[in-house]
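Each remark here refers to the structure printed beneath this line.
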Amino acid sequence: MLIAQISDTHILAPGKLYRGPVEASAPGGERSTGEFDTAACLARAVAALNALVPRPDITVVTGDLVDHGEPEEYEHLLALLSRLQMPFFVIPGNHDAREPLRDAFRSAGYLSANGFLQYAIEDYPLRIVALDTLIPGQHSGSLCAERLGWLDATLAAQPERPTVIVMHHPPFPTAITYMDKYGLDNSAALAEIVARNPQVERILCGHLHRAIDRRFAGTVAGTAPATAHQLRLNLVPGAPLRFVAEPPGYQLHLWQDGAVVTHTAVFGHWPAPEIQ
């Protein structure tokens with residue numbers, strides 16, 4: 001089974017561009033603001049995934065799905081994702097809003113009818129368990145007793161099924177301190193549940209706009225690159241948030257021979273270096 005993961009699409013209403021702080025054009029330069037056409041980037045990502053050989057069996061989309069949690073943004077997102085030629089599954093990020101997301105994707109049938117946007121997909125060799133970490137109006141993520149209880153019961157119901165958990169906030173610090181300020185609370189309780197469930201092969205996350213991996217509770221947890229703007233890699237404590245125009249990317253998670261192997265790739269065609 002082959003799972004594609006795209007992340008942090010940050011879709012806005014049609015015709016609007018994402019604006020965010022970007023790296024200064026010269027060392028020591030002043031902060032500037034850049035604009036990114038996140039819809040065009042997602043359209044390119046969808047076309048690239050459709051063209052892959054072999055084509056992924058499914059695509060999972062980790063947040064931030066849209067930028068402001070508005071209904072017209074979700075309509076735009078759904079229109080773009082509906083061009084995928086394989087089933088796709090979404091989970092909210094900190095920029096998202098549950099009710100507009102639920103309303104827009106209601107016909108897909110996998111999102112819960114009320115409460116947290118959590119679900120399990122049982123139709124594939126790898127079981128997909130999606131976990132809602134959203135705190136409305138905040139950048140940080142949370143796993144309250146209700147969400148942790150749901151995860152514990154859901155994993156316990158199928159202890160022999162190899163499983164991936166899909167969530168927005170990574171359950172580990174990354175040393176990118178600006179983003180670590182807005183991390184996931186109660187990661188220790190999540191680790192206890194995961195450690196009891198060795199069938200969890202991967203934890204797939206978003207939020208960081210970069211590919212980052214770490215061992216966690218006996219499995220591997222990681223984040224995927226964004227489809228548009230990437231976060232600057234800066235491990236200096238206290239460094240400010242900046243985005244960079246690095247190549248947008250995706251991940252492929254291949255379940256084969258009883259294990260998952262993950263590949264990180266970029267969208268677009270890049271010229272070969274000149275050979276002297």
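The values are calculated or read from the model by the stated rules, or taken from the named source; none is laboratory data. Given the structure is predicted, the values throughout are model-derived calculations rather than measurements. All Cβ positions, glycine included, derive from the backbone under ideal geometry; neighbour counts span all protein chains shown. Remember, those area values only see protein heavy atoms, side chains included, never the ligands or the DNA or RNA. Shrake-Rupley method; radii C 1.70, N 1.55, O 1.52, S 1.80 Å.
Rounded to the nearest 5, the antiparallel percentage of DSSP beta bridges internal to the range 194-276 is 80%.
Each Lys and Arg Cβ is given +1 and each Asp and Glu Cβ -1; about its Cα centre, the range 61-201 then shows a dipole of about 320 debye. Rounded to whole Å, give me the distance from the Cα center of the range 199-261 to that of the range 58-114. Cα centres, the range 199-261 to the range 58-114: 20 Å.
Which of rounded, prolate, oblate describes the range 203-245, given a ≥ b ≥ c as roots of the alpha-carbon gyration tensor eigenvalues and a/c under 1.5 marking rounded, otherwise prolate only if a/b is larger than b/c? Working shown, then result.
Values: a/c = 3.49, a/b = 1.54, b/c = 2.27.
Oblate, since a/c reaches 1.5 and b/c is not below a/b.
Expressed to the nearest 5 percent, the antiparallel share of DSSP beta bridges inside the range 12-141 is 75 percent.
For the range 1-141, dividing the convex hull volume of the Cα atoms by the residue count gives 135 Å³ per residue.
Averaged per residue, what accessible surface does the chain expose to a 1.4 Å probe, in Å²? Spell out each step's value before the answer.
On the way: 12250 Å² over 276 residues.
Result: 44 Å² of accessible area for each residue.
Among bridges DSSP assigns within the range 85-166, what percent are antiparallel (round to 5)? Provide the component values of the computation, followed by the final result.
Numbers: 4 of 8 bridges.
Given both bridge residues lie in the range 85-166, the antiparallel proportion sits at roughly 50 percent.
Over the chain, the pair-distance histogram of Cα-Cα distances with 5 Å bins from zero comes to 1, 6, 13, 18, 20, 17, 13, 7, 3, 1, 1, 0, 0 percent, rounded to whole numbers. Size check on the range 44-97: the Cα extents along the three principal axes, sorted descending, read 34, 17, 16 Å.
For the chain, which whole percent of the accessible surface, found with a 1.4 angstrom probe, sits on carbon and sulfur atoms?
Working: 6660 of 12250 Å².
That fraction is 54 percent.
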